[in-house]
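First up is the structure itself, then whatever we jot down about it.
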Amino acid sequence: MKIALIAHDRKKDVMVKLVTAYREILAQHELFATGTTGKRVEEATQLPVHRYKSGPLGGDQQIGAMISQDDLDMVIFLRDPLAAQPHEPDVTALIRLSDVYEIPLATNMGTAEILLRGLAAGFADFRQVIHETDNRPLSL
């Protein structure tokens, strides 16, 4: 799967801890990230990361473009909900695109861990399952 990693400044340390903890799972997938987040992840884990520009300089939009081209499978975006972001419209657009294209999006550590544990359990092609059932709820 193609997985995007994005973290606001005050969440970059948390992202590094997350990727370090789930390194073995993430090593099996293709990683993409905004500038500084990608650099920090690469340095801490030695995993290859395709790096885009930093979020405020267009990195969020570059990842949004991947979503709209159906070229991304998951987004882990650790947001800082208590700090104003100068590029908030880009953040909102990225979240909206994830919803439009049914891309799983984690905006906090708890949700990110659930998505990553789902990958480890082999539950990777959830979008195909949804489309095969004509958007009817899945019976568990």
Between helix 59-68 and the chain: long-axis angle, C-alpha atoms, 0 to 90°, nearest 10: 20
Extension reserve of the T36-D13 stretch, reckoned as 0.36 nm per residue once the Cα distance is removed: 7.2 nm
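What is the chain's relative contact order, in percent, from Cα pairs under 8 angstrom and six or more apart in sequence? The partial results should precede the final answer.
Numbers: 190 pairs, mean separation 35.3, N = 140.
Computed value for the chain: 25 percent relative contact order.
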Potential lengthening between T20 and Y101 on full extension [0.36 nm per residue; Cα-Cα distance subtracted]: 26.3 nm
Förster radius 30 Å - calculated FRET efficiency between D70 and L47 (Cβ-Cβ, nearest 0.05): 0.80
Helix axis angle, 12-21 relative to the chain longest principal axis, alpha carbon, degrees: 50
Whole-percent carbon and sulfur share, accessible surface of the chain, 1.4 Å: 52
For segment 101-118, 3J(HN,Hα) per residue [Karplus equation, 6.51 cos²θ - 1.76 cosθ + 1.60, θ = phi - 60°, Hz, x = Gly/Pro]: 9, 6, 9, x, 10, 9, 10, 8, 4, x, 5, 4, 5, 5, 4, 5, 5, x
Selection from P89, L116, L78 lying farthest towards where the dipole of the chain points positive, charges on Cβ: L78
Part-to-part distance (alpha-carbon centres) for segment 12-68 and segment 100-125, which is given in Å: 15
Rounded, prolate or oblate (a/c below 1.5 giving rounded, otherwise prolate when a/b exceeds b/c) for segment 2-133 by Cα gyration tensor: oblate
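Evaluate the charge dipole of the chain about its Cα centre and quote only its size in Debye, nearest 20, assuming +1 on the Cβ of each Lys and Arg and -1 on the Cβ of each Asp and Glu. Provide the component values of the computation, followed by the final result.
On the way: 15 positive and 19 negative charges, 89 e Å.
Taking the Cα centre of the chain as origin, the dipole is about 420 debye.
The values are calculated or read from the model by the stated rules, or taken from the named source; none is laboratory data. The structure displayed is predicted, hence computed values, not measured ones. Heads up, the Cβs are rebuilt from the backbone with ideal geometry, glycines too, and the neighbour counts pull from every protein chain shown. These accessible areas exclude ligands, DNA and RNA; they are computed on the full protein's heavy atoms, side chains included. Shrake-Rupley method; radii C 1.70, N 1.55, O 1.52, S 1.80 Å.
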